[in-house]
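Input: a single structure, listed below in structure tokens.
The values are calculated or read from the model by the stated rules, or taken from the named source; none is laboratory data. No experiment lies behind these values; they were computed from the predicted model shown. Cβ atoms come from the backbone with ideal geometry, glycine included; neighbour counts cover every protein chain shown.
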Amino acid sequence: MRAFAVLLVLAGAARAAGPLAIVNPMIEQSEGGSPLPASYEHIPGEILFFSFQVQGYQVAVDKVKLRYKIDAFDPHGVRIMETVERPIEAELAPQDKEWKPKARQDVAIPPLAPSGTYRIAVEVTDELAKTTAKIEVPVLVRGRNVAPSDTLTIRNFGFYRSDEATEPLVKAAYRPGDAVWARFDITGYKLGPGNRIDVAYGIAVLNAEGKQLWAQPEAAVERSSSFYPKPYVPGSMSLDLQKNIRPGEYAIVVTVKDAVGNQSYETKQLFSVE
């Protein structure tokens with residue numbers, strides 16, 4: 001009778017289906033939707049519907065006690081989100097012996113994310129068995145790369161035919177009455193606490209003699225903080241040319257100021273009216 005009682009205690013105390021493992025990691029088209037292939041290229045600003053299951057956990061008195069931690073990193077190893085830590089606790093019935101707990105977590109790709117292979121790192125701990133399992137899931141992102149700089153600068157300045165145009169003009173030539181469109185990227189600014197940035201830029205238009213025809217000293221301001229450090233600030237401008245403007249060479253002057261880093265930068269870009 002005594003031996004029988006011991007067997008009952010041992011049977012109800014703990015059981016494990018094998019070594020702890022994270023299985024079936026996937027990114028779904030939508031929550032609960034079809035899984036996307038590993039070759040799928042995601043884009044900046046997209047929400048990843050990530051999920052995984054756990055097997056090989058220990059059960060004690062028909063209870064499971066797991067905890068998971070999720071991190072996500074960009075191609076340079078910089079975290080793109082705050083670490084998520086949550087428990088998985090459940091009571092199992094006899095028919096649940098093959099049950100694999102499933103966890104879901106949305107992961108946001110930063111809006112200005114560069115291209116490359118991102119990583120979702122998952123760690124699961126079985127608090128009953130005192131064991132841990134880890135995996136890393138690669139995620140392909142097709143973003144936009146802007147070369148970094150140690151000091152404030154403007155990159156990728158280009159004139160465009162319209163706001164919808166995707167390719168810059170090979171020759172920046174316009175006609176009287178046209179709209180002049182330009183886009184550029186600001187980088188090399190310094191970051192404050194909480195990845196705070198304080199960047200402003202102004203626009204001026206000069207004629208061939210260098211006389212200022214028009215100016216907007218503070219055309220745009222970017223003051224913000226974010227968990228993921230913004231690698232660059234996109235800038236743009238448009239200018240409607242008068243129909244009676246004289247043909248000739250003109251210039252756009254962009255002046256950028258970085259209040260956090262106490263830096264300034266200026267670029268002069270030429271276009272013509274024909």
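Step by step: first the residues of region 14-50, then only those that are within 18 Å of M81 (Cβ to Cβ) and over 19 Å from the mean Cα position of the chain (by Cα), then the one that is surrounded by the most Cβ atoms within 10 Å (Cβ to Cβ). Which residue is that? Among residues in region 14-50 that are within 18 Å of M81 (Cβ to Cβ) and over 19 Å from the mean Cα position of the chain (by Cα), the one surrounded by the most Cβ atoms within 10 Å (Cβ to Cβ) is P25. Would you call D178 closer than 27 Å to M81 by Cα and at pLDDT 95 or above? Judged against the criteria, D178 is not a match. You will find that of E123, E127, E136, E164, the residue that is at pLDDT below 95 and touching a Lys or Arg at 6+ places or on another chain (Cβ under 8 Å) is E127 and no other. On the stretch given as region 108-135, residues that are hydrophobic (A, V, I, L, M, F, W, C) and either in the same structural domain as Y232 (by TED's automatic domain parsing) or part of a loop (DSSP other than H, G, I, E, B) (or both) total 5.
The single residue among Q263, Q212 that is of a type outside the set (A, V, I, L, M, F, W, C) and closer than 30 Å to V170 by Cβ turns out to be Q212.
Exactly one residue among P193, P231 is closer than 30 Å to F73 by Cβ, at pLDDT 95 or above, crowded, with 18+ Cβ neighbours inside 10 Å and not β-branched (V, I, T), and that residue is P231.
Going by the structure shown, is I70 farther than 15 Å from I135 by Cβ, assigned by TED's automatic domain parsing to the domain that holds D106 and either touching a Cys at 6+ places or on another chain (Cβ under 9 Å) or assigned to a strand (DSSP E or B) (or both)? No, not satisfied. The set of residues in region 196-210 that are out of contact with any Gly (no Cβ under 8 Å at 6 or more places or on another chain) and modelled with pLDDT of 95 or more comprises R196, I197, V199, A200, G202, I203, A204, V205, L206.
Here is a yes/no grid of residues against (1) at pLDDT below 95; (2) touching a helix residue (DSSP H, G or I) at 6+ places or on another chain (Cβ under 6 Å); (3) within 24 Å of L20 (Cβ to Cβ); (4) not charged (D, E, K, R):
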position: H42; (1), (2), (3), (4): no, no, no, yes
position: G45; (1), (2), (3), (4): no, no, no, yes
position: K63; (1), (2), (3), (4): yes, no, yes, no
position: R67; (1), (2), (3), (4): no, no, yes, no
position: I70; (1), (2), (3), (4): no, no, yes, yes
position: F73; (1), (2), (3), (4): no, no, yes, yes
position: G77; (1), (2), (3), (4): no, no, no, yes
position: M81; (1), (2), (3), (4): no, no, no, yes
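For region 218-228, filtered to residues that are in contact (Cβ under 8 Å) with a residue 24 or more places away in the chain and surrounded by fewer than 17 Cβ atoms within 10 Å (Cβ to Cβ), the residue that is nearest to E274 (Cα to Cα) is E222.
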